[in-house]
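Q: Quick one: structure below, then a few questions.
The values are calculated or read from the model by the stated rules, or taken from the named source; none is laboratory data. Predicted model, so just to flag it, every value in this text is computed and none were measured. Virtual Cβ from ideal backbone geometry, glycine too; neighbours counted across all protein chains shown.
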Amino acid sequence: MNDNHPAIKTENLTRKFRDLVAVDHLNLEVKRGETFGLVGPDGAGKTTTIRMLCAIMDPTEGSATVAGFDTVKQAEDIKKRIGYMAQRFNLYGDLSVIENLNFFADIFEVRGQERKDRITRLLEFARLTEFRGRRAAHLSGGMQKKLALACTLIHQPEILFLDEPTTGVDPISRREFWDILSELHLQGITIFVSTPYMDEAERCSRVGLMHEGQLIVCDQPDKIKGLVSGELIELRPTNLRQAKEVIAGLEGLLEVQTYGDLLHLFVDDASKRIPELASLLTAQGIAVEGLRQTRPRMEEAFISLIRAQAAEE
Ligand SMILES: Nc1ncnc2c1ncn2[C@@H]1O[C@H](COP(=O)(O)OP(=O)(O)OP(=O)(O)O)[C@@H](O)[C@H]1O
Ligand SMILES: [Mg+2]
């Protein structure tokens with residue numbers, strides 16, 4: 001790769017579908033070797049962004065370079081240097097693990113001894129060696145994702161685009177998949193990954209939060225968590241609905257978020273408000289478990305930032 005360029009750079013990158021602005025003037029720079037996470041709700045524009053960066057779809061406005069090459073004018077230079085695992089990655093179900101790898105080796109013209117060596121290494125790397133003869137359709141969901149990743153790596157790309165690579169996979173397989181990504185990160189590969197999972201976002205060097213086509217925030221996970229104003233109190237009340245009504249009257253309350261039967265309250269001063277909260281709730285006959293101050297996670301930060309953005313509009 002040309003050393004003077006960032007791995008990815010976009011300038012007002014925009015894609016419209018008729019009246020809908022799927023990606024809205026995106027300005028983003030990803031350094032070489034970074035693991036960059038793109039998170040955002042359904043329809044935020046993640047896939048459209050990745051498709052433009054992979055030179056599969058042209059922008060309607062703005063531009064982007066990948067590995068220093070323009071995605072519109074130099075698409076072929078980009079395609080050689082990247083690996084792209086699409087959101088609905090298609091393996092050939094009737095083909096075995098090894099046949100799928102051979103198939104992708106054909107497409108990318110990886111031949112001879114080089115092909116043999118790489119496939120052996122990738123099977124090992126993806127922990128699939130003992131399943132080499134199994135049909136892809138008969139692999140577990142997690143193994144299929146690992147095979148898809150291995151196929152994406154056959155031509156040794158320098159930049160990897162992964163569009164929700166672990167969606168629908170059980171937590172243990174997700175963790176294993178991310179351990180594999182960590183190894184790729186250590187090898188110096190640039191990874192651009194979209195994910196709906198906040199625990200995965202926490203593992204990235206930097207994270208961009210996308211909402212309705214726009215990048216709301218883009219920073220290191222710790223910095224993003226630091227953007228939330230106020231301190232966080234967590235509690236598990238017996239009667240959630242009633243508790244929320246009572247809590248609305250708490251002084252110093254900034255924001256309330258619900259997670260299942262947990263309530264997360266952002267307040268001005270947690271140590272001051274916790275005793276006030278406890279007496280407010282007990283006065284109304286609401287029992288409370290697990291009342292404590294806690295640190296905001298990525299999830300709280302994102303919800304808070306999206307709400308703030310919506311309130312501004
Ligand atoms: N080819 C297309 N034609 C028309 N509209 C499209 C097309 N592709 C995407 N869109 C629209 O653009 C918006 C962004 O879609 P995109 O698939 O990029 O979102 P996403 O963040 O990947 O969502 P998800 O998490 O569901 O995969 C959506 O409103 C979608 O309906
Ligand atoms: Mg998508």
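Q: Which number in (1) in contact with a Lys or Arg (Cβ under 8 Å, 6 or more places away or on another chain); (2) over 29 Å from G33 (Cβ atoms) marks the one condition that E158 misses?
A: (2)
Q: Name every residue in region 215-234 that is at pLDDT 90 or above and in a loop (DSSP other than H, G, I, E, B), in order of residue number.
A: Q220
Q: Inside region 38-74, can you point out the residues that are within 20 Å of the chain's Cα centre (by Cα), among the aliphatic types (A, V, I, L, M) and near ligand 1 (Cβ under 10 Å from one of its atoms)?
A: Selection gives L38, V39, A44, I50, M52.
Q: Something else now. Give region 42-78 a look and list any residue that's surrounded by fewer than 19 Cβ atoms within 10 Å (Cβ to Cβ) and among the charged types (D, E, K, R), or say none.
A: Hits for region 42-78 are D42, D58, E61, D70, K73, E76, D77.
Q: Can you find a residue in region 235-243 that is closer than 24 Å to I306 by Cβ, assigned by TED's automatic domain parsing to the domain that holds M143 and either in a helix (DSSP H, G or I) or in contact (Cβ under 8 Å) with a residue 40 or more places away in the chain (or both)?
A: So far as region 235-243 goes, no, none of its residues is closer than 24 Å to I306 by Cβ, assigned by TED's automatic domain parsing to the domain that holds M143 and either in a helix (DSSP H, G or I) or in contact (Cβ under 8 Å) with a residue 40 or more places away in the chain (or both).
Q: Identify all residues within region 99-142 that are assigned to a helix (DSSP H, G or I), surrounded by 18 or more Cβ atoms within 10 Å (Cβ to Cβ) and aliphatic (A, V, I, L, M); write none if there are none.
A: Correct list: L101, A105, I119, L122, L123, A136.
Q: Name, by its number, the condition in (1) assigned to a loop (DSSP other than H, G, I, E, B); (2) closer than 15 Å to Y84 by Cα; (3) charged (D, E, K, R) that does not hold for K145.
A: Every listed condition holds for K145 apart from (1).
Q: E183 passes all but one of (1) in contact with a helix residue (DSSP H, G or I) (Cβ under 7 Å, 6 or more places away or on another chain); (2) at pLDDT below 95; which number fails?
A: With respect to (1) in contact with a helix residue (DSSP H, G or I) (Cβ under 7 Å, 6 or more places away or on another chain); (2) at pLDDT below 95, E183 is out only on (1).
Q: Can you name the residue in region 186-204 that is modelled with pLDDT of 95 or more and under 12 Å from the mean Cα position of the chain (by Cα) and is also nearest to M298 (Cα to Cα) among such residues?
A: Taking the candidates together, the pick is C204.
Q: Collect the residues in region 35-84 that are out of contact with any strand residue (DSSP E or B) (no Cβ under 9 Å at 6 or more places or on another chain) and assigned to a strand (DSSP E or B), keeping them in residue-number order.
A: The one that is out of contact with any strand residue (DSSP E or B) (no Cβ under 9 Å at 6 or more places or on another chain) and assigned to a strand (DSSP E or B): F69.
Q: Quick one: F266 ticks every box in (1) at pLDDT 90 or above; (2) assigned to a helix (DSSP H, G or I) except a single one, so which number is it?
A: Status for F266: all satisfied but (2).
Q: Sticking with this structure for a sec: Collect the residues in region 41-62 that are charged (D, E, K, R) and either more than 23 Å from T190 (Cα to Cα) or more than 13 Å from ligand 2 (Cβ to nearest atom) (or both), keeping them in residue-number order.
A: Scanning region 41-62 gives D42, D58, E61.
Q: Quick one: is L26 in contact (Cβ under 8 Å) with a residue 40 or more places away in the chain, touching a Phe, Trp or Tyr at 6+ places or on another chain (Cβ under 7 Å) and within 16 Å of ligand 2 (Cβ to nearest atom)?
A: Details: in contact (Cβ under 8 Å) with a residue 40 or more places away in the chain: yes; touching a Phe, Trp or Tyr at 6+ places or on another chain (Cβ under 7 Å): no; within 16 Å of ligand 2 (Cβ to nearest atom): yes.
Taking the combined requirement at face value, the residue does not satisfy it.
Q: Scan region 35-50 and report the pairs whose first residue is within 15 Å of V217 (Cα to Cα) and whose second residue is of a type in the set (S, T, N, Q) and within 6 Å of ligand 1 (Cβ to nearest atom), with Cβ atoms within less than 9 Å and a gap of 6+ or a chain change.
A: Matching pairs, first to second residue: K46/Q87.
Q: Which residues, counting only those in region 16-27, are more than 10 Å from ligand 1 (Cβ to nearest atom) and crowded, with 21+ Cβ neighbours inside 10 Å?
A: L26
Q: Something else about it: Do you know which residues across region 167-197 are in contact with an Asp or Glu (Cβ under 7 Å, 6 or more places away or on another chain) and within 13 Å of ligand 1 (Cβ to nearest atom)?
A: Within region 167-197, S194, T195, P196 qualify.
Q: Looking at E255 and the list (1) touching a Phe, Trp or Tyr at 6+ places or on another chain (Cβ under 8 Å); (2) assigned to a strand (DSSP E or B); (3) within 16 Å of ligand 2 (Cβ to nearest atom), which single condition is not satisfied?
A: (3)
Q: Are there any pairs with C-beta distances below 8 angstrom linking a residue in region 62-80 that is over 18 Å from F108 (Cβ atoms) to a residue that is part of a helix (DSSP H, G or I), with the two at least 6 apart or on different chains, and if so which?
A: Within 8 Å, the pairs are A64/M52; A64/L53; T71/M52; T71/L53; T71/I78.
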